[in-house]
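What follows is one structure encoded as structure tokens, with my remarks underneath.
The values are calculated or read from the model by the stated rules, or taken from the named source; none is laboratory data. Note that this is a predicted model, so its numbers are computed, not measured. Here the Cβ positions follow ideal geometry from the backbone for every residue, glycine too, while neighbour counts run over all protein chains shown.
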Amino acid sequence: MSLSFNAAEARKADTFSSIIKETGKYEGVITRAEKLVSKGGTKGVGFSFKADDGATANYLDVYTEKANGEQLWGANIVQAVLGCLRLKDAAEGEIHFDKWTRDQGIVNAKATGYPALMGKRIGFLLQRVLETNDQTGKDSDRVNIVAVFQAGTGLTSSEIQDGKTKAEQTDKRLKALTPVWDKRKKGVAQRQVSEINPPPADNYGFDDDIKF
């Protein structure tokens with residue numbers, strides 16, 4: 001059997017198992033959409049994401065509602081995901097996804113989640129965040145979802161509902177992001193960054209006359 005060079009496949013070797021660590025605009029596939037409920041009763045959705053270049057971002061956990069019913073900013077992100085996927089709802093059900101474990105490495109796991117979101121193409125603006133864990137006092141370095149757009153078009157949920165065909169908001173938001181949002185509890189650095197460039201707080205709530 002002869003071997004034939006494929007440039008695109010060869011590039012994948014450079015990004016295999018790489019992790020998204022930088023602030024930026026990414027398109028790819030949702031590989032996990034898990035229902036989350038914290039010990040305190042806060043609800044949310046846990047996303048995992050595989051970009052088109054093979055890099056991954058796991059544990060993009062978005063919390064949407066406190067136990068007392070108070071809505072959190074993460075609810076806007078989840079609504080934006082539905083809007084950009086043109087879904088009016090996503091029922092709960094069993095999902096299967098890859099999960100890293102300390103003992104066995106990567107294993108196939110199952111959990112309650114949102115099957116309608118699994119495998120769907122989406123666009124995320126991801127922000128690199130440095131922060132201090134309130135319980136352990138340890139610093140972490142991760143990426144968070146700060147905005148959502150439709151893969152291929154770049155359109156946001158509000159632009160889709162407004163019937164626009166030219167994306168404008170996504171690139172504007174990308175330019176406004178700082179390379180690193182430093183929230184660590186070490187002096188004033190994190191306050192300076194967060195005050196200058198807080199995460200966007202657009203209202204992605206739906207009303208009764210959704211245009212899809």
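Note on the range 52-72: residues that are assigned to a loop (DSSP other than H, G, I, E, B) and either exposed (fewer than 14 other Cβ atoms within 10 Å of the Cβ) or of a type in the set (V, I, T) (or both) amount to 5.
The set of residues from the range 87-107 being of a type in the set (K, R) and under 17 Å from G46 (Cα atoms) comprises just one member, K99. Every test in (1) touching a Leu at 6+ places or on another chain (Cβ under 9 Å); (2) part of a loop (DSSP other than H, G, I, E, B); (3) without any contact (Cβ under 8 Å) to a residue 12 or more places away in the chain is passed by A90 save one, and that test is (3).
Across the range 166-190, which residue is surrounded by the fewest Cβ atoms within 10 Å (Cβ to Cβ) among those that are more than 22 Å from K21 (Cα to Cα) and at pLDDT 95 or above?
K166
Comparison of L87, L72 shows that the only residue that is closer than 22 Å to V146 by Cβ, hydrophobic (A, V, I, L, M, F, W, C) and in contact with a helix residue (DSSP H, G or I) (Cβ under 9 Å, 6 or more places away or on another chain) is L87.
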